[in-house]
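Below is one structure, written out as structure tokens; comments come after it.
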Amino acid sequence: MPVPGVGPGNSSLCGRCLIDLPTYEKARFGVLYDGGLRRALIKFKYYEATHLGKILSEVMVQAFRSHFGACEFHLIIPMPMHPRRLRQRGFNQVVVMGERLSRETGIPLDRTSLKKMKDTLPQVGLSRAKRVLNPRGSFGISRPEKIRGRKVLLIDDVSTTGSTIAEASRIIMKAHASCVNVLVLALRLAYTGHPQYTESQGENLGLSSAEA
């Protein structure tokens, strides 16, 4: 199954990253948060359509192979949920995808070292400025000895501004990881009225199929 939105990019930094250099080495996404993918992810997360987890996980695996197939990682770390939200939903959709990715690649999945310490507002519906500020100070590390000196692949389901992955990466690097790379299932464009993704739009968001 082909994965749209993936492929070779360039090594240039976007304008945002030139101003505020992220702590991750590069970030990649699999598909745009649109159409059938968007509907499937919403049903999976909020309407107990657990059978869709297999399909979404396959997209994540193919995105990994397209972007990171030649890379070596010591750990996969899924974006954590705050315990209250985890109790409400009953599962972390990113962990589900991470379990499949771990099985396919042989890279161990670390579910416990990165913690969501603060129950932040959902990013959906916030202004761009608030999206940037909202995740700050919300993550912590419970087991730094597992991360120290390790090459980490941080994964998430959806990203818009890249603020959440940037904050999580910063905390992982503070625990003395060797490096952090990021793989996101879907990129949500912050702008409307554009029928098709372009490289420049992705760069403006701070997350694209090129290095950011």
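The values are calculated or read from the model by the stated rules, or taken from the named source; none is laboratory data. Not measured: the values here are computed from a predicted model. Methodologically, a virtual Cβ is constructed for each residue, glycine included, from the backbone with ideal geometry; neighbour enumeration extends over all protein chains shown.
Selection of helices (runs of 4 or more DSSP H) fully inside segment 28-133 by the criterion of at least 3 residues being at pLDDT 95 or above and β-branched (Val, Ile, Thr) returns 52-68, 93-105.
Considering segment 139-191, the qualifying strands (runs of 3 or more DSSP E), each wholly inside and each with 2 or more residues that are of a type outside the set (A, V, I, L, M) and over 22 Å from Met117 (Cβ atoms), run over 179-187. The residues of segment 74-84 that are under 13 Å from Asn181 (Cβ atoms) and out of contact with any helix residue (DSSP H, G or I) (no Cβ under 8 Å at 6 or more places or on another chain) amount to a single one, His74.
Just to be sure I understand the filter: pairs with C-beta atoms under 9 Å, separated by 6 or more residues or on different chains, first member in segment 54-71 and of a type in the set (S, T, N, Q), second member surrounded by 15 or more Cβ atoms within 10 Å (Cβ to Cβ) and assigned to a helix (DSSP H, G or I). Which pairs pass? Once the first residue is of a type in the set (S, T, N, Q) and sits in segment 54-71, its partners that are surrounded by 15 or more Cβ atoms within 10 Å (Cβ to Cβ) and assigned to a helix (DSSP H, G or I) give Ser57/Val96; Ser57/Met97; Ser57/Gly98; Ser57/Glu99; Ser57/Arg100; Ser57/Leu101; Ser57/Glu104. Just give me the residues in segment 97-119 being acidic (Asp, Glu) and closer than 15 Å to Asp157 by Cα, in sequence order. If the condition is that a residue be acidic (Asp, Glu) and closer than 15 Å to Asp157 by Cα, then Glu99 is the only one that fits. Residues of segment 76-96 that are over 18 Å from Gly30 (Cβ atoms) and surrounded by 20 or more Cβ atoms within 10 Å (Cβ to Cβ): Pro80 alone.
Residues in segment 165-180 that are of a type in the set (Gly, Ala, Ser) and surrounded by fewer than 24 Cβ atoms within 10 Å (Cβ to Cβ): Ala175, Ser178. Among the residues in segment 139-159, are any out of contact with any Asp or Glu (no Cβ under 7 Å at 6 or more places or on another chain), buried (at least 22 other Cβ atoms within 10 Å of the Cβ) and at pLDDT below 95? Checked against the condition, which is being out of contact with any Asp or Glu (no Cβ under 7 Å at 6 or more places or on another chain), buried (at least 22 other Cβ atoms within 10 Å of the Cβ) and at pLDDT below 95, segment 139-159 yields at least one hit.
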